[in-house]
Amino acid sequence: MSEASILVEQRQGYRVVTLNRPDRLNAFNEDMHRALAAALAAAEADPDCRALLITGAGRAFCAGQDLSDRVAKPGETLVLGETVERYYNPLVRKLRALPFPVIAAVNGVAAGAGANMALACDIVLAARSARFIQAFARIGLVPDTGGTWLLPRLVGPARARALCLLAEPLAAETAQDWGLIWKAVDDAALMTDAERMCAQFAHAPTFGLALTKRALDAAWSNDLDKQLDLERDLQREASLSPDYAEGVRAFMDKRPPRFSGRGR
Ligand code: T3D
């Protein structure tokens, strides 16, 4: 029997999802897409899951689409819009909408949709040896998986254009300096740092963090006026959560808060 393309580990308050096709640098095939979608849905349905960590098995994070599934037979033309609609777009939408923080621990090369999946996560930690490659231009494709939306917003239009048009590898430390990712860390420290972050989120006011994700995502398209209205509405929702009352009480009592993560 072939090995599972996705491994899921349940930890105390969070889950670790490992992309597990190391001989193909964890490139996406249909099986891995389905397994990842199921893993994300299961994490979302679990009220005890308060953070998610995504990483790759072996020396890579993810090399994007498995190109061995995209070799056209003589006379055949492969048309790709449907696969983007069926797999890559729902993946990005789900990552952004999950009601808890999603951390990408980029352990090695992240190329094509693999790079942009990482960038769609809430926090990206990368091993110093990792590289990010908008590999699409090398094979005549357009950056997808949210790349054309995320990149200019993260690093500005000039750098986004060069990354997409040149498809050159970007080292993790440069990615950090440019604001593409949160941090580049020593290779040996990557998983412990990422796990420590998840353990912290496992005790965080998760509902408030989910509202924060919503506010930050909406800010890309709102004007200031609309965003102020949204902040007012979300603050109202946050204040109804038991974690807000607990946070204030704990502050006044000079003790660490005990957050339930729940909304009401
Ligand atoms: O549905 C749709 O198709 C639309 C959506 C598209 C989304 C996309 O992601 S399109 C972009 C697809 N990805 C790429 O173009 C990246 C292809 N890979 C590479 O450019 C390089 O492998 C890397 C830069 C990522 C790493 O280079 P390197 O030198 O470290 O490793 P390597 O020797 O190239 O790869 C190691 C093995 O992994 C090798 O197999 P082998 O020779 O040992 O049997 C290689 O063929 C395999 N591999 C790497 N990437 C892929 C792959 N096999 C299939 N698909 C891949 N994407």
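The values are calculated or read from the model by the stated rules, or taken from the named source; none is laboratory data. Given the structure is predicted, the values throughout are model-derived calculations rather than measurements. In this analysis, Cβ positions are derived from the backbone assuming ideal geometry, glycine residues included, and neighbour counts consider all displayed protein chains. For accessibility, only protein heavy atoms count, side chains too; no ligands or nucleic acids. Shrake-Rupley method; radii C 1.70, N 1.55, O 1.52, S 1.80 Å.
Taking every residue in the range 239-264 that is under 14 Å from GLY208 (Cα atoms) and at pLDDT below 95 and pairing it with any residue that is part of a loop (DSSP other than H, G, I, E, B) and of a type outside the set (Gly, Ala, Ser), at least 6 positions away or on another chain, the pairs with Cβ-Cβ distances below 6 Å are ARG264/LEU240. Within the range 30-61, the residues that satisfy the criterion of being small (Gly, Ala, Ser), farther than 21 Å from ALA204 by Cβ and in contact with a helix residue (DSSP H, G or I) (Cβ under 6 Å, 6 or more places away or on another chain) are ALA57, GLY58.
For (1) open to solvent by less than 90 Å² (accessible area, probe 1.4 Å); (2) farther than 20 Å from VAL16 by Cβ, each residue gets a yes or a no:
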residue	(1), (2)
LEU53	yes, no
GLY64	yes, yes
VAL71	no, yes
THR83	yes, yes
TYR87	yes, yes
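Listed by first and then second residue, the pairs with beta-carbon distance under 6 Å, at least 6 apart or on different chains, first residue in the range 22-47 and touching a residue at least 40 places away in the same chain (Cβ under 8 Å) and closer than 24 Å to ASP69 by Cα, second buried (at least 19 other Cβ atoms within 10 Å of the Cβ) and of a type in the set (Val, Ile, Thr), are LEU36/ILE6. Just one of the numbered conditions (1) more than 16 Å from the ligand (Cβ to nearest atom); (2) out of contact with any strand residue (DSSP E or B) (no Cβ under 9 Å at 6 or more places or on another chain); (3) open to solvent by less than 20 Å² (accessible area, probe 1.4 Å) is not true of THR145: (1). Scanning the range 78-90 turns up no residue that is in contact with a strand residue (DSSP E or B) (Cβ under 6 Å, 6 or more places away or on another chain), among the hydroxyl-bearing types (Ser, Thr, Tyr) and in contact (Cβ under 8 Å) with a residue 40 or more places away in the chain.
For LEU165, state whether it is touching a residue at least 12 places away in the same chain (Cβ under 8 Å), more than 18 Å from LYS213 (Cα to Cα) and away from the ligand (no atom under 14 Å from the Cβ).
Numbers: touching a residue at least 12 places away in the same chain (Cβ under 8 Å): yes; more than 18 Å from LYS213 (Cα to Cα): yes; away from the ligand (no atom under 14 Å from the Cβ): yes.
Spelling it out, LEU165 is indeed touching a residue at least 12 places away in the same chain (Cβ under 8 Å), more than 18 Å from LYS213 (Cα to Cα) and away from the ligand (no atom under 14 Å from the Cβ).
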